[in-house]
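The values are calculated or read from the model by the stated rules, or taken from the named source; none is laboratory data. Keep in mind that what you see is a predicted model, and the values were worked out from it rather than measured. Note: ideal-geometry Cβ built from the backbone for every residue, glycine included; neighbour counts use all protein chains shown.
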Amino acid sequence: MHNGRINGKKNIEFNPGLNVVVGPNGSGKSSLLKAVYHCPDCLRENDGAMECHYFNSEIMNPHRSEDNFKGPTGSIIKIRAMFSSHGETMRDVLRFIPLKKNGCLLLDEPESGHDLKWIIKIRKGLDALAAADFQIIVATHHPIFWKNANVIELKRGYVEKSLNKFKKNL
């Protein structure tokens, strides 16, 4: 549980499995993920010895000075990222980072830089992780992630409004 204010919400509760945070740009999706990962004032229940991984496009930038990826795995990701798109780097992160059972994965717009085929593969991979007792929290705009997930709307009615606009523009 995150106790704070993200676009007017006081308490946000994440379920086991796949949680999807949605809302318009500027509604606090990325801020919420950062708070869950970093904020010492946030109340996190039931995470005990849970290992938590957080990924966004800035963290995966190999030109940043912070050393977010260590060891041989980190070196592979950094070197490949210098010559790859954001989408390819996200695939490498999901493939190479060793995730432990009962872990938590925080992903900020994992669909960025991917075509529909790869977005579907990412979703299937996240479903497999969720089935293996991982808690996954994804900040996204993409409807592929919404179905059969615990959807947390930072702006009430965002999902319905977005789907209606999408259908209207087909």
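When segment 117-170 is filtered for residues that are within 19 Å of Gly26 (Cβ to Cβ) and assigned to a helix (DSSP H, G or I), the ones remaining, listed by number, are Tyr158, Val159, Lys161, Ser162, Lys165. Take Leu154 and decide whether it is touching a residue at least 40 places away in the same chain (Cβ under 8 Å) and surrounded by 13 or more Cβ atoms within 10 Å (Cβ to Cβ). In short, yes. For segment 132-162, taking the residues that are modelled with pLDDT under 90 and of a type in the set (A, V, I, L, M, F, W, C), the one that is farthest from Gly17 (Cα to Cα) is identified as Ala132.
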